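As structure tokens, the structure follows; a few thoughts come after it.
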Amino acid sequence: MFNISQKEIKVKSIEKCPECGGSIIPNSFETICNECGLVINGIFKASSFIFNRANETSNLSKQYVALGERTDFIGGLGSFIDYENSKYLKDKTGKPLPPNEQKLFRRLKKNYAQFLRIKNHETEYRIFNILNKISLYLNLNKNLRNNAAYYYKKIIRNEEKIINNISLIAFCIFHAVRKEYHNAPITINEIAKAFQNFGHRVNPRLILRDGIRYKHHLNNESIPHKSEDYAIRLTNQVINHKDLLERLEKKGVLWSKNEFQNKLLKKCRKILKELPIWHRGGRNPFILTGAIIYLADKLLAKEYKQKAVLTQKIISDATHIAEYSIRDHYVNLLKPFFMNS
């Protein structure tokens, strides 16, 4: 592995503050005035890691290694001879190796193949490859991916027999999403659909089965998502529907898409604030949010004395929620509570 040494870029020293004449002191990555606090200059350092300082006069300790095994990657010791894909090899001082040593180390580098690096870890290697593909497909951040890999490793380390490794990593992604509290969570159906798109037989039932079977290995203190968490995401999907501009013109609404989105989101938040948790009756928060968007549009139309813009079909197409689910939540829960009051 290559050696990275830390270098400091020296700045021209100034003895006194040009503003007040006070003394100059170094503070973190800056030189500042001790009297008035004026920042005089910056001290730049190259961000780097070093495991063993290079000694130009000694031939000892020539072994430099990488950071080791990553959470979401299986790669043996985590080290390579020179760069991973380099063919023209150099020593620790940067000088090219002699021809005979070039031949020797190229052969050693070739023999340390991928198969040897993942030996006895073939299943984990395959699962983490799938995890990386799914993470890119669902646009998950690096923290979610690493957490899912950590949960997977923790479960297989404590569980004697795993029924299905692929459905297990799907559950780990779902659990990581539940633990990461943000305003655009991924649903269990979307995770299952992502795996199906890559040819894996994973469905929500299998993910829930693994959750019931293996969740005792994890610290399960995650807070279930509420409709408030899905409001921004689903409203944005509805606003970006291909037929929305045509509907705004047809219904004579003079708002732009952004104005309509802001009013719709504000009204959704007001509805959610007035709809207590106990009154929601344990309903699916994702589906309930779709019905609330439909109700919000009707309330806006009533408030501004204009026609409603959204239909159940448009919301269904944009959010992938079934029309009958939106209709059921609206008629049986929301309409009696808001429209008839």
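The values are calculated or read from the model by the stated rules, or taken from the named source; none is laboratory data. Quick caveat, the model's predicted, so the values are computed rather than measured. No Cβ is skipped: glycine too gets one built from the backbone with ideal geometry, and neighbour counts run over all protein chains shown.
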### Query
Considering only region 211-236, how many residues are in contact (Cβ under 8 Å) with a residue 60 or more places away in the chain and buried (at least 17 other Cβ atoms within 10 Å of the Cβ)?
5
### Task
Would you check which residues across region 199-210 are touching a residue at least 40 places away in the same chain (Cβ under 8 Å) and under 29 Å from residue 280 (Cα atoms) and list them?
206, 207, 209, 210
### Summary
Across (1) assigned by TED's automatic domain parsing to the domain that holds residue 289; (2) at pLDDT below 90, residue 260 clears everything bar (2)
### Query
Is it true that residue 143 is among the polar types (S, T, N, Q), under 23 Å from residue 210 (Cα atoms), outside any loop (DSSP other than H, G, I, E, B) and at pLDDT 85 or above?
yes
### Task
Any residue in region 246-269 that's at negative phi: show its pairings with residues that are among the charged types (D, E, K, R) and not in a helix (DSSP H, G or I) at Cβ separation under 6 Å, as long as the two are six or more apart or on different chains.
251/307
### Summary
Within region 155-198, residues more than 30 Å from residue 232 (Cα to Cα), under 20 Å from the mean Cα position of the chain (by Cα) and touching a residue at least 40 places away in the same chain (Cβ under 8 Å) come out as none
### Task
Could you list all residues from region 272-287 that are within 19 Å of residue 237 (Cα to Cα) and either crowded, with 18+ Cβ neighbours inside 10 Å or hydroxyl-bearing (Ser, Thr, Tyr) (or both)?
272, 285, 286, 287
### Message
I need every pair where a residue in region 108-124 that is within 14 Å of residue 156 (Cα to Cα) and in a helix (DSSP H, G or I) has its Cβ under 9 Å from the Cβ of a residue that is of a type in the set (A, V, I, L, M) and modelled with pLDDT of 65 or more, sequence separation at least 6 or different chains.
### Response
123/156; 123/162; 124/118; 124/156
### Query
Could you list, in sequence order, the residues of region 289-326 that are in contact (Cβ under 8 Å) with a residue 24 or more places away in the chain and among the charged types (D, E, K, R)?
297, 298, 307, 317
### Task
Kindly indicate whether residue 103 is of a type in the set (Lys, Arg), at pLDDT 80 or above and within 34 Å of the chain's Cα centre (by Cα).
no
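So for region 171-178 (the condition being modelled with pLDDT of 80 or more, of a type in the set (Gly, Ala, Ser) and out of contact with any Leu (no Cβ under 6 Å at 6 or more places or on another chain)), does at least one residue qualify?
No: zero hits.
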### Summary
Within region 160-184, residues being closer than 19 Å to residue 209 by Cα and surrounded by 14 or more Cβ atoms within 10 Å (Cβ to Cβ) number 17
### Message
Residues that are at pLDDT 80 or above, out of contact with any Lys or Arg (no Cβ under 6 Å at 6 or more places or on another chain) and surrounded by 12 or more Cβ atoms within 10 Å (Cβ to Cβ): does region 106-116 have at least one?
### Response
yes
